[in-house]
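Worksheet for the structure shown next.
The values are calculated or read from the model by the stated rules, or taken from the named source; none is laboratory data. Since this is a predicted model, take the numbers as computed values, not measurements. No Cβ is skipped: glycine too gets one built from the backbone with ideal geometry, and neighbour counts run over all protein chains shown.
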Amino acid sequence: MVDERKKLILDRVIENYINTAEPVGSKIIQQTCDLEISTATIRNELNELEKEGFLTHLHTSSGRVPTDKGYRLFVDSVMNVKSFPLEQQKIFESKIKLLETNVNGILTQITEIMTEIIDYTAIVITPDIYNETLRIVHFILVDIDRILVVLLNSLGINREFLINVADNKLGQDDFNEISKFLTKKLDGKNFTDFNQEVFVKLIEELPKFRNTAEVLFKEIKKVMKVLQKEKSVLMRGTSKMLKLPEFKNIEYTRKVLEILEENKLLVNVLSLALDEKQDKVLIGQENAISDLNKCSLAISPIKVDDEAIGVVSVLGPTRMAYPFIVPMLNFICQRVTNFVTEKRR
């Protein structure tokens, strides 16, 4: 159990180490911890914190640096801090006013804004159109046997793909009628719930298009199975992060770059946040990706009506500025949530 004094000393070690990347000694702690205690007492407390696994030292005579366990105790105490510096809020607010009118566009620009004020990598998983409610379904005849399918959801995100319809005998007017019918019937519904049973009931109202409509349905489902496995990942700021002292080791930096370039592992980790719908910070060896065991990943899902529609995250060294990053992610996600809520009205 860490008492109040030890916790304060631990916090000051971590805060100083975050700011300087240098081991922290007892004199610095005495100057910053607002406690009237001697350096000898502080050294004793540092020894105790090291024995308990919260701190370590790089050399015999050096100051202390935090361990993953120390960071975890520190981070748990800041996870509920919602205050984001007013100056930074103004930066976001001024630029958010100029943002795109769809969520993907907003998230793309937000990653760019984030990397202007942090030296870490910003990573975002954008919303999947198929997990959102539909507004428009449109079929465009581009050739005698090829149809362009356009899906637009309530977030303003659209997906287009081509499907083949052999022996098609319908014209564009016919497909306009089918499009109008499905748009009316599916408006506000989740496309992933559009199953065979639902389709059969719908198509009974369009008997003259039954054969072609059945082919459309089967082809769309095939394409969806592939597209639903894909995640759109936005990433910015890697070059800035790699200038930090933690990445002087070329071999480790190479491994981190490989993870970022081959983003499937990151997508898997971030997708869990979509399922769990909660903020989290993975510190060091808490990462499921072993090659990121010297990094931390702060994750915040974007939630609308208790549904997670995307993830905003920051990857950096374990010496991450958690008291700044955690509230920043909360602020960003809340702004996107407000935008999406307005769009849904």
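Number of residues in segment 59-91 that are farther than 27 Å from Ile332 by Cβ and either β-branched (Val, Ile, Thr) or within 20 Å of the chain's Cα centre (by Cα) (or both): the value is 3.
If you go through segment 314-325 one residue at a time, do you hit one that is within 14 Å of the chain's Cα centre (by Cα), in a helix (DSSP H, G or I) and either over 16 Å from Leu282 (Cα atoms) or of a type outside the set (Ser, Thr, Tyr) (or both)? Within segment 314-325, one or more residues are within 14 Å of the chain's Cα centre (by Cα), in a helix (DSSP H, G or I) and either over 16 Å from Leu282 (Cα atoms) or of a type outside the set (Ser, Thr, Tyr) (or both). When segment 21-66 is filtered for residues that are touching a Gly at 6+ places or on another chain (Cβ under 6 Å) and of a type in the set (Ser, Thr, Tyr), nothing remains. May I ask you to verify whether Phe92 is modelled with pLDDT under 85 and not in a loop (DSSP other than H, G, I, E, B)? Yes: the conditions hold for Phe92. Only residues that are basic (Lys, Arg) and without any contact (Cβ under 8 Å) to a residue 40 or more places away in the chain were counted across segment 307-325, and they come to 0. Taking the criterion of being assigned to a helix (DSSP H, G or I), surrounded by 15 or more Cβ atoms within 10 Å (Cβ to Cβ) and at pLDDT below 85, the residues of segment 245-268 that qualify are Leu265, Leu266, Val267. Evaluated against (1) in contact with a His (Cβ under 8 Å, 6 or more places away or on another chain); (2) modelled with pLDDT under 80, Lys97 falls short on exactly one condition, (1).
Residues in segment 47-82 that are free of Cβ contacts under 8 Å to residues at least 40 places away in the same chain and charged (D, E, K, R) were compared, and the one that is nearest to Leu292 (Cα to Cα) is Lys69. With respect to the conditions (1) within 16 Å of Ile110 (Cα to Cα); (2) among the β-branched types (Val, Ile, Thr); (3) modelled with pLDDT of 85 or more, Val281 falls short on a single one, namely (1).
For Met328, state whether it is touching a residue at least 60 places away in the same chain (Cβ under 8 Å) and farther than 14 Å from Met114 by Cα. Give the derivation first.
Values: touching a residue at least 60 places away in the same chain (Cβ under 8 Å): yes; farther than 14 Å from Met114 by Cα: no.
The answer is no for Met328.
Is there a residue in segment 25-44 that is surrounded by 13 or more Cβ atoms within 10 Å (Cβ to Cβ) and touching a strand residue (DSSP E or B) at 6+ places or on another chain (Cβ under 7 Å)? No, segment 25-44 contains no residue that is surrounded by 13 or more Cβ atoms within 10 Å (Cβ to Cβ) and touching a strand residue (DSSP E or B) at 6+ places or on another chain (Cβ under 7 Å). Looking at segment 14-23, is at least one residue within 30 Å of Glu116 (Cβ to Cβ), under 30 Å from the mean Cα position of the chain (by Cα), aromatic (Phe, Trp, Tyr) and at pLDDT below 95? No - not one qualifying residue is present in segment 14-23. Condition (residue is part of a helix (DSSP H, G or I), touching a strand residue (DSSP E or B) at 6+ places or on another chain (Cβ under 8 Å) and within 25 Å of Met79 (Cα to Cα)) applied to segment 290-300: is it met by at least one residue? Yes, segment 290-300 contains a residue that is part of a helix (DSSP H, G or I), touching a strand residue (DSSP E or B) at 6+ places or on another chain (Cβ under 8 Å) and within 25 Å of Met79 (Cα to Cα).
Inside segment 253-306, can you point out the residues that are charged (D, E, K, R) and within 15 Å of Thr238 (Cβ to Cβ)? Result: Arg254, Lys255, Glu258, Glu261, Glu262, Asp291.
Each residue in segment 316-327 was checked for being within 20 Å of Ile125 (Cα to Cα) and either basic (Lys, Arg) or touching a helix residue (DSSP H, G or I) at 6+ places or on another chain (Cβ under 7 Å) (or both), and 2 of them qualify.
So in segment 280-306, with the set limited to residues that are closer than 23 Å to Glu342 by Cα and touching a residue at least 40 places away in the same chain (Cβ under 8 Å), which one is surrounded by the fewest Cβ atoms within 10 Å (Cβ to Cβ)?
Per the criteria, the residue is Val304.
Tell me, yes or no, whether segment 64-80 has at least one residue that is of a type in the set (Ser, Thr, Tyr) and over 28 Å from Pro327 (Cβ atoms). There is no residue in segment 64-80 that is of a type in the set (Ser, Thr, Tyr) and over 28 Å from Pro327 (Cβ atoms). Just the residues that are of a type in the set (Asp, Glu) and either farther than 18 Å from Pro323 by Cβ or outside the structural domain of Lys51 (by TED's automatic domain parsing) (or both), please, taken from segment 1-38. Asp3, Glu4, Glu22, Glu36, listed by residue number.
Evaluate segment 111-122: report whether one residue or more is at pLDDT below 85, under 28 Å from Glu261 (Cα atoms) and either in a loop (DSSP other than H, G, I, E, B) or assigned by TED's automatic domain parsing to the domain that holds Met235 (or both). So that I can check it myself, show each step before the final result.
Here is the first cut: in segment 111-122, the residues at pLDDT below 85 are none.
Scanning segment 111-122, I find no residue that is at pLDDT below 85, under 28 Å from Glu261 (Cα atoms) and either in a loop (DSSP other than H, G, I, E, B) or assigned by TED's automatic domain parsing to the domain that holds Met235 (or both), so the answer is no.
Could you tell me whether Phe331 is more than 16 Å from the chain's Cα centre (by Cα) and among the hydrophobic types (A, V, I, L, M, F, W, C)? The answer is no for Phe331.
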